[in-house]
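Everything on this sheet refers to the single structure shown next.
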Amino acid sequence: MDKFVAFLEKNLSTPMAKLSEQKHLRAIRDGVVSALPFIIFGSIFLIIAFPPVSADSAIAAWSTKHIAEILIPYRLTMYIMTLYITFGIGYSLSQSYKLDPLSGGLLSTAAFLFTIGVQMVKDVGFVLPMANLGGHGLFVAMIVAIFSVESMRFFKQKKIMIKMPSSVPTSVARSFEALLPVTFVLTVMTLITVVFGVDTHTIVDKLVAPLVKAGDTYIGVIIPVFLITFFWSFGIHGVSVVGAVARPVWEVYLANNSAAVAAGKTIPHIAPETFFQWFIWIGGAGATLGLVIAMLLTAKSQYSKAMARTTIVPSLFNINEPVIFGMPIVLNPVLIIPFIITPLVGGTIAYIATSIGMVNPTYVMVPWTLPAPIGAYLATGGDWRAVVLVLVNIAISVIIYLPFFKMYDKKLVAQEVQDQKAA
């Protein structure tokens with residue numbers, strides 16, 4: 001067993017951990033995370049516009065009457081989240097290269113806007129179409145932001161810049177240093193979009209369409225679940241590794257779902273990140289709330305009893321590092337098995353329930369620290385069946401964890417007895 005663990009650590013876990021810290025992937029991750037407050041804020045107004053109450057209620061009637069005004073904060077935040085994410089990616093990547101992050105963020109945002117262009121609307125004037133400012137444009141934003149910052153880095157490395165005297169204020173000097181890369185990047189974007197009339201978004205859509213489609217399938221759900229728990233089993237933050245690659249796709253799903261709800265259309269995607277958060281990661285990665293409940297119900301060893309009392313409150317709010325590292329689950333051959341199996345079973349049940357219409361797909365981003373039944377209820381726009389699904393998955397997780405925990409707890413009891421005799 002030790003040799004097998006060492007083999008996996010050397011040949012898989014360590015390389016994947018390094019991959020998660022690759023500059024471009026880390027910048028994309030940081031850019032998406034930086035936009036979460038705006039996404040959550042916009043989601044609140046989706047709930048207000050489509051309140052989880054009876055359609056005949058006064059609240060529902062009021063929201064229907066004022067829906068256009070209610071959705072304005074949503075349309076200026078979550079609906080155009082890629083605009084914010086682009087700045088975050090450019091800022092983070094520039095910072096990792098020790099370039100001026102503000103210039104990198106601004107240039108990335110400007111270059112992304114150049115992929116959209118403006119349109120003339122009669123009696124209104126020039127307008128900026130918003131469709132590609134949301135999740136639909138996220139993949140283009142990633143490419144453009146990386147191109148923009150790498151251009152800045154190239155100009156700096158080759159010392160192709162306007163240098164100002166030392167007496168000039170730093171902020172002014174940095175602005176002039178960025179002038180040449182800005183001119184180059186925006187000229188390239190003008191040639192692509194305006195002169196040659198290339199629709200970058202359509203081209204990228206066709207290229208990533210198989211990836212987007214695959215991620216919304218059952219296999220597309222189960223593989224990330226397995227990988228995340230597998231990496232956590234070795235003490236590596238699984239979501240950081242897998243999320244660096246998968247999160248852009250998950251964000252597209254969430255944006256498309258919320259836009260469909262706002263437009264009164266059918267919700268298209270099953271598996272945005274909120275699906276994983278509320279139906280699979282109940283109590284945290286590995287659905288460890290089930291383990292903590294099993295500990296509370298059956299623990300015999302003093303250590304397990306203490307761990308159960310200590311971890312139950314954090315687990316209710318989806319904070320499970322104390323369980324993962326405290327029991328521990330990491331490198332524990334007994335508890336790793338249910339840690340991986342439980343979310344696979346929960347994910348299967350949730351996918352089937354959502355795909356056949358027993359539960360509404362998630363489309364609202366709510367804070368991940370909410371208890372799972374509340375989070376699932378809000379994320380689905382007030383679907384009471386989501387609460388039932390969460391409770392079913394919690395019960396199943398307890399059943400799966402229970403025999404493995406009893407086996408492990410028995411060893412802890414034996415060890416405590418041995419320690420007492422030795423003392």
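Let me check the size of the stretch 204-298 from its C-alpha atoms; what are the radius of gyration and Dmax in Å?
Here Rg and the maximum Cα pair distance are 15.4, 54 Å.
Pairing the Cα long axis of helix 179-190 with the longest principal axis of the chain, what angle in degrees results, from 0 to 90 and rounded to the nearest 10?
Compared with the principal axis, the helix lies near 90 degrees.
Give or take rounding to whole Å, what are the principal axis extents of the alpha carbon atoms in the stretch 264-423, in descending order?
Principal axes ranked by extent give 70, 24, 23 Å for the Cα atoms.
Please report the projected area of the stretch 110-168's Cα convex hull averaged over all directions, in nm².
6.6 nm²
Which angle from 0 to 90°, rounded to the nearest 10, does the C-alpha axis of helix 138-157 make with the longest principal axis of the chain?
For 138-157 against the chain, the angle is about 70 degrees.
Picking from L106, V359, G375, whose Cα lies most toward the positive end of the charge dipole for the chain (charges on Cβ: Lys, Arg +1; Asp, Glu -1)?
Farthest towards the positive end: L106.
With label points built 7 Å along Cα→Cβ from the Cα atoms of M130 and T266, find their separation and express it in nm.
The answer from the label model is 2.6 nm.
Give, in nm to one decimal, the length gained when the segment between E416 and I40 is fully stretched (0.36 nm per residue of separation minus the Cα-Cα distance).
Going from the current span to full extension adds 130.7 nm.
Need the C-alpha centroid separation for the stretch 331-348 versus the stretch 378-419, integer Å.
If we compute the Cα centre of each part, the gap is 11 Å.
Could you tell me what fraction of 2.2 N^0.38 Å the Cα radius of gyration of the chain comes to, as a two-decimal ratio?
Values: Rg = 24.8 Å, N = 423, 2.2 N^0.38 = 21.9 Å.
Ratio of Rg to 2.2 N^0.38 Å for the chain: 1.13.
Can you give the FRET efficiency for I67 and T369, using 1/(1 + (r/R0)^6), R0 = 30 Å, r = Cβ-Cβ distance, to the nearest 0.05?
Efficiency, rounded to the nearest 0.05: 0.55.
Calculate, for the chain, the solvent-accessible area per residue in square angstrom, rolling a 1.4 angstrom probe over the heavy atoms of the protein chains.
Per-residue value: 47 Å².
Provide Y351, Y377, Y363 ordered by accessible surface of protein heavy atoms (probe 1.4 Å), highest first. Spell out each step's value before the answer.
Numbers: Y351 35, Y377 70, Y363 15 Å².
Per-residue accessible area, sorted high to low, gives Y377, Y351, Y363.
Applying the Karplus parametrisation 6.51 cos²θ - 1.76 cosθ + 1.60 with θ = phi - 60° to the phi angles of the stretch 59-72, what ³J(HN,Hα) value in whole Hz is obtained for each residue in order, glycine and proline being reported as x?
Residue by residue, the stretch 59-72 yields 5, 5, 5, 5, 5, 5, 5, 10, 4, 4, 6, 4, 7, 4 Hz.
Quick check on packing: order 127-136, 191-200, 335-344 by the mean number of other C-beta atoms within 10 Å, highest mean leading. Spell out each step's value before the answer.
Working: 127-136: 17.7, 191-200: 12.7, 335-344: 22.1.
Listed from highest to lowest mean packing, they are 335-344, 127-136, 191-200.
More than 18 Å apart: what percent of Cα pairs in the stretch 302-372 qualify? Write down the numbers at each step before the final one.
On the way: 1406 of 2485 pairs.
Summing the P(r) tail past 18 Å for the stretch 302-372 gives 57 percent.
Rounded to the nearest whole Å³, what is the per residue volume of the convex hull around the Cα atoms of the stretch 20-167?
It is 167 Å³ per residue.
Given Cα pairs under 8 Å that are at least 6 residues apart, what percent is the relative contact order of the stretch 193-292? Please report the intermediate quantities before stating the final value.
Values: 63 pairs, mean separation 18.5, N = 100.
Value for the stretch 193-292: 18 percent.
Treat every Asp and Glu Cβ in the stretch 129-223 as -1 and every Lys and Arg Cβ as +1, leave all other atoms uncharged, and give the resulting dipole magnitude about the Cα centre to the nearest 20 debye.
With Lys and Arg at +1 and Asp and Glu at -1, about 480 debye.
Filter K23/K206; K305/K421; K213/K265; K156/K213 down to the pairs with a C-alpha to C-alpha distance above 28 Å, please.
K156/K213
Rounded to the nearest 0.05, what FRET efficiency do I192 and S166 have when you use their Cβ-Cβ distance and R0 = 41 Å?
It comes to 0.60.
Please list, in order along the stretch 91-107, the HN-Hα scalar couplings obtained from phi with the Karplus expression 6.51 cos²θ - 1.76 cosθ + 1.60 (θ = phi - 60°), rounded to whole Hz, x for Gly and Pro.
Working through the residues one at a time gives 5, 5, 5, 4, 4, 5, 8, 6, 9, 5, x, 5, 5, x, x, 5, 5 Hz.
Rounded to the nearest 20 Debye, what is the dipole magnitude of the chain about its Cα centre when Lys and Arg each give +1 and Asp and Glu each give -1 at the C-beta?
Charge dipole, the chain, about its Cα centre: 760 debye, nearest 20.
Given a cut-off of 19 Å, what percent of all Cα-Cα pairs of the stretch 196-259 lie beyond it? It would help to have the intermediate numbers written out before the result.
Numbers: 871 of 2016 pairs.
So the pairs more than 19 Å apart make up 43 percent of the total in the stretch 196-259.
Rounded to whole Hz and in sequence order, give me ³J(HN,Hα) for the stretch 229-241 from the Karplus expression 6.51 cos²θ - 1.76 cosθ + 1.60, θ = phi - 60°, writing x for Gly and Pro.
These are the phi-based 3J(HN,Hα) values: 6, 4, 5, 4, 4, 10, x, 9, 4, x, 5, 5, 6 Hz.
Once both axes come from the Cα atoms, what is the angle between helix 289-298 and the longest principal axis of the chain, in degrees from 0 to 90, rounded to 10?
Compared with the principal axis, the helix lies near 20 degrees.
The values are calculated or read from the model by the stated rules, or taken from the named source; none is laboratory data. Everything numeric in this text was worked out from a predicted model, so none of it was measured. When we count neighbours, we look across all protein chains shown, and the Cβ atoms used for this are built from the backbone with ideal geometry, even at glycine. Each accessible area value is taken on the protein alone, full model and side chains, heavy atoms only, with ligands, DNA and RNA left out. Shrake-Rupley method; radii C 1.70, N 1.55, O 1.52, S 1.80 Å.
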